[in-house]
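Bear in mind these aren't lab numbers, they're just calculated from the coordinates by the rules spelled out. The model shown is predicted, which means the values in this text are computed figures rather than measured ones. With ideal geometry, Cβ positions are generated from the backbone for all residues, glycine too; neighbour counts draw on all protein chains shown.
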Amino acid sequence: MEYSMTTQFIMELLGTLILVLFGDGVCACVTLNKSKGQNAGWIVITIAWGLAVCMGVLVAGPYTGAHLNPAVSLGLAVAGMFPWASVPTYIAAQMIGGVLGGVLVWLFYKDHYDQTEDEAAKLGTFCTAPAIKSTFMNFFSEVIATLVLIFIIISFSTKGNAGDVEHFKMGLAALGPIPVTLLIIALGMSLGGTTGYAMNPARDLSPRIAHAICIGGNNDWGYAWVPVVGPMIGGVIAGLAGAWLLTL
């Protein structure tokens, strides 16, 4: 069924909101003072981020395919799997949803933000920051991680993964959001240690804007371009590689 662009906009916005609510929510849970989950660690964060993507996909998937990420929309368009005319609408929905999700996390954990004095820790519940600040390597990390993310997402559409209905063969793509959930968890555990694996401007810039609105202070705008430009370039490269993959 073909849904109206208004419906697609709303559902992509809601899906991204859910993604950020769960994803930044676990960061707040693990980081903020007096939270029952404080210091739960990286494994909890990576698993919860995978599940956050899963929840967002369950909400938006039937209506939009659940991109939930401007780099995904761009990469799929480059690969010829998504209409270019829809890219601006999807990106607008994703960025707005990310801001709203960040605001909801702040409202939910308001008492705990008030109990936390570390400004960098509070910012880290909204957006990413490099473990070692090195502009080139941080940028490289975001390009590579996003390239891998989107290339593997595109690979879900290859014949072997999508299945062969005529011969009653089911592929991994038949499992719905499960493969991408496992992908996000794997990326976080394997490639998340350098920059926090943003891979998504709507997951980083949008909540960073929410932080500026709700808390203010130092938003580290000097770094903010890295988790935006890096993922978008990674998306383009993945789209080009994916277009080749789909011809095999």
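Below is a table of values for the structure above.
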| item | result |
| --- | --- |
| Every residue from the stretch 39-92 that is of a type in the set (A, V, I, L, M), more than 29 Å from THR116 (Cα to Cα) and within 14 Å of the chain's Cα centre (by Cα) | VAL57, ALA60, ALA66, LEU68, ALA71, VAL72, LEU74, ILE91 |
| Those residues of the stretch 181-234 which are closer than 15 Å to LYS122 by Cβ and free of Cβ contacts under 8 Å to residues at least 12 places away in the same chain, in sequence order | ALA212, GLY216 |
| Filter result for TYR63 (touching a His at 6+ places or on another chain (Cβ under 7 Å), under 24 Å from LEU183 (Cα atoms) and part of a helix (DSSP H, G or I)) | no |
| Out of ALA71, ALA48, ALA77, sole residue that is in a helix (DSSP H, G or I) and farther than 25 Å from MET189 by Cα | ALA77 |
| Residue match in the stretch 133-151 (condition: buried (at least 19 other Cβ atoms within 10 Å of the Cβ) and not in a helix (DSSP H, G or I)) | no |
| GLY75 closer than 21 Å to TRP106 by Cβ and crowded, with 22+ Cβ neighbours inside 10 Å | no |
| Residues of the stretch 1-38 satisfying the condition of being within 26 Å of GLU117 (Cβ to Cβ) and assigned to a loop (DSSP other than H, G, I, E, B) | LEU32, ASN33, LYS34, SER35, LYS36, GLY37, GLN38 |
